[in-house]
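*Asks:* This structure is in structure tokens; I'll ask about it shortly.
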Amino acid sequence: MSPARRPVQVTQDLANFWRSTYIEVKKDLKGRYPKHYWPDDPLVAEATARVKPRGT
């Protein structure tokens, strides 16, 4: 889901999505939603209720 709550990617292979496809989706969405937090490694990133964590 995008920050606008629209589906962006549908997958049945979530592990593969995080390994490969996320990078492309992140590039696209980061341009549209620059204020949002797009972690480089989402598998180890801490969840945040803020748009971007403080200090970034």
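Each reported figure results from applying straightforward, stated rules to the coordinates on display, with no laboratory input. On a predicted model such as this, the values are computed, not experimentally measured, just so you know.
*Asks:* Each residue of the range 9-23 in order: what ³J(HN,Hα) in whole Hz does its phi give by Karplus 6.51 cos²θ - 1.76 cosθ + 1.60, θ = phi - 60°, with x for Gly and Pro?
*Replies:* Here the 3J(HN,Hα) series is 9, 10, 8, 10, 10, 5, 4, 5, 4, 5, 6, 10, 6, 3, 4 Hz.
*Asks:* With 5 Å bins from zero, work out the P(r) of the chain over every alpha carbon pair and list the percent per bin.
*Replies:* With a bin width of 5 Å, the distribution comes to 4, 16, 28, 28, 19, 5, 1.
*Asks:* Counting helices only, and only those DSSP H runs with n ≥ 4, report the 222 nm mean residue ellipticity of the chain as the sum of -39,500 (n - 2.57) divided by its residues, in deg cm²/dmol to the nearest 500.
*Replies:* Numbers: 1 runs with 11 residues, N = 56.
Dividing the helical sum by the residues of the chain leaves -6000 deg cm²/dmol.
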